[in-house]
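None of the figures in this text is laboratory data; all of them are computed from the coordinates on show. Here the structure is a predicted model, which is why all the values come from computation and not from measurement. Positions of Cβ are backbone-derived with ideal geometry, glycine not excepted, and every protein chain shown enters the neighbour counts.
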């Protein structure tokens, strides 16, 4: 299995999803060798870890299996676009050839475009089937604007070289059909899961934001990458509308990204900067405290293949409003759903949840019960069935 990251060295939900799925697969007797592009201090006693920068080049690699991103340069696209991240993807793919020669395995499982080239090379070397796992596409990441043609080409190449494809939602499966012309029978929907027992909603008295709650403020949370895909600008516009009716509300923005400066300026332009708190990227206990103190979590994503953070919010006892343009909306029903662009309705829903305690309680209790059924064990069982079909055992 080729992955780009694992907790605690992860930048988002991809690493969390890889950890949850592999742990559940291992508990169902799947023997996993998980490959990361470089050595980091991660531990996972339920599977074997290999680091491509250490283990990838000890065996000779034939010229035929050396992966070259240069072939994906399109007319008018400068080669400089392949530097840095692209070159890391290329190096990972080259290392995959050596790793495939040294290890015995029945099939290859690669997560997202960063790992697709590695999966393809490993398949070429070993002649074993490749299962590609799509957590997000370039159309999601770009919000449909300014799609990177090289990334799109790499995605297309990896998907077409795969024996089978896993999509994290029907939303993503539909997108693969529309933008990548992938046949429906090649794509299997496996929703992400969560181990709800790892989360609790006990109020932490040392929470630095508890003083706001004690002063009578309601706290509405955005937690995610500050990018077009995640819709943080729509969150702020909904915040302005909400504050017209509920002035004792604070909007907590947890995360980082290329829109950070733009969002700070937007809060100032909207005249709400005194009611918006930017915390930066949080991990561990500080991350949990953000959910614990919040009265409501809002996920206004423009295009969200799944949205694992919504399950995490619910598991910690924080009700959620989620974008209808998300895969997680297929998996849970006891949340409020809104079109990301409908700022007026988003504000109406925020006001309803924080003003009416009966609605808040109903959402909190029902969604908390529901999320226990959206498990990694269920996702792993579906994944194993896909493996069996690919290997002709199902």
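Helical content of the chain, expressed as a calculated mean residue ellipticity at 222 nm, amounts to -13000 deg cm²/dmol (DSSP H runs of 4 or more residues, -39,500 (n - 2.57) each, divided by residue number, nearest 500). For residue 345 and residue 40, the FRET efficiency from 1/(1 + (r/R0)^6), where r spans their Cβ atoms and R0 equals 56 Å, is about 0.85. Segment 311-330 and segment 150-170 have Cα centres spaced 26 Å apart.
Packing-wise, with mean Cβ within 10 Å as the measure, how do 269-276, 370-377, 104-111 rank, highest first?
Working: 269-276: 15.4, 370-377: 17.4, 104-111: 20.5.
Output ranking for 269-276, 370-377, 104-111: 104-111, 370-377, 269-276.
Listed values [x] 25.8, 87; [y] 27.5, 88; [z] 21.7, 67 include one computed from this model; for Rg and Dmax of the Cα atoms in Å that value carries the label [z]. Relative protection proxy for 332-339, 7-14, from highest mean packing down: 332-339, 7-14 (other beta-carbon atoms within 10 angstrom). In the elastic network of the chain, a GNM with C-alpha springs shorter than 10 Å, the most mobile of 129, 305, 247 is 247. Rounded to the nearest 10 degrees, the inclination of helix 13-27 to the longest alpha-carbon principal axis of the chain is 60 degrees. Largest GNM mean-square fluctuation across 256, 164, 184, computed for the chain with C-alpha springs under 10 Å, falls on 184. Springs between Cα atoms under 10 Å define the GNM used for the chain, and in it the highest mean-square fluctuation of 340, 306, 245 occurs at 245.
Using alpha carbons only, how many angstrom separate the centre of segment 352-372 from the centre of segment 374-394? Between the Cα centre of segment 352-372 and that of segment 374-394, the gap is 33 Å. Rounded to the nearest 10 degrees, what's the angle between the helix 376-390 long axis and the longest principal axis of the chain, both from Cα atoms, 0 to 90? In the chain, helix 376-390 runs at an angle near 30 degrees to the longest axis. Averaged over residues, the count of other Cβ atoms within 10 Å places the peptides 346-356, 32-42 in the sequence 346-356, 32-42, highest first. According to the Kirkwood relation over distinct C-alpha pairs, the hydrodynamic radius of segment 196-371 is 15.9 Å.
Express the relative contact order of segment 135-254 as a whole percentage, based on alpha carbon pairs under 8 Å and six or more residues apart in sequence. Relative CO of segment 135-254 lands at 22 percent. Taking a virtual spin label 7 Å from the Cα of residue 330 along the C-beta vector, which residues in segment 277-313 bring their backbone nitrogen under 11 Å of it? What the label zone holds, given the 11 Å backbone N cut-off, is 305-306. Sequence gap at least 6, Cα distance under 8 Å: using those rules, report the relative contact order of the chain to the nearest whole percent. Relative contact order of the chain: 15 percent. Take every Cα pair under 8 Å whose residues are at least 6 apart in sequence, average their separation, divide by the length of segment 196-371, and the relative contact order is 25 percent. The Cα-based radius of gyration of segment 172-259, divided by its Kirkwood radius, gives an Rg/Rh of 1.13. Counting only alpha carbon atoms, the long axis of helix 343-355 and the longest principal axis of the chain meet at about 60°.
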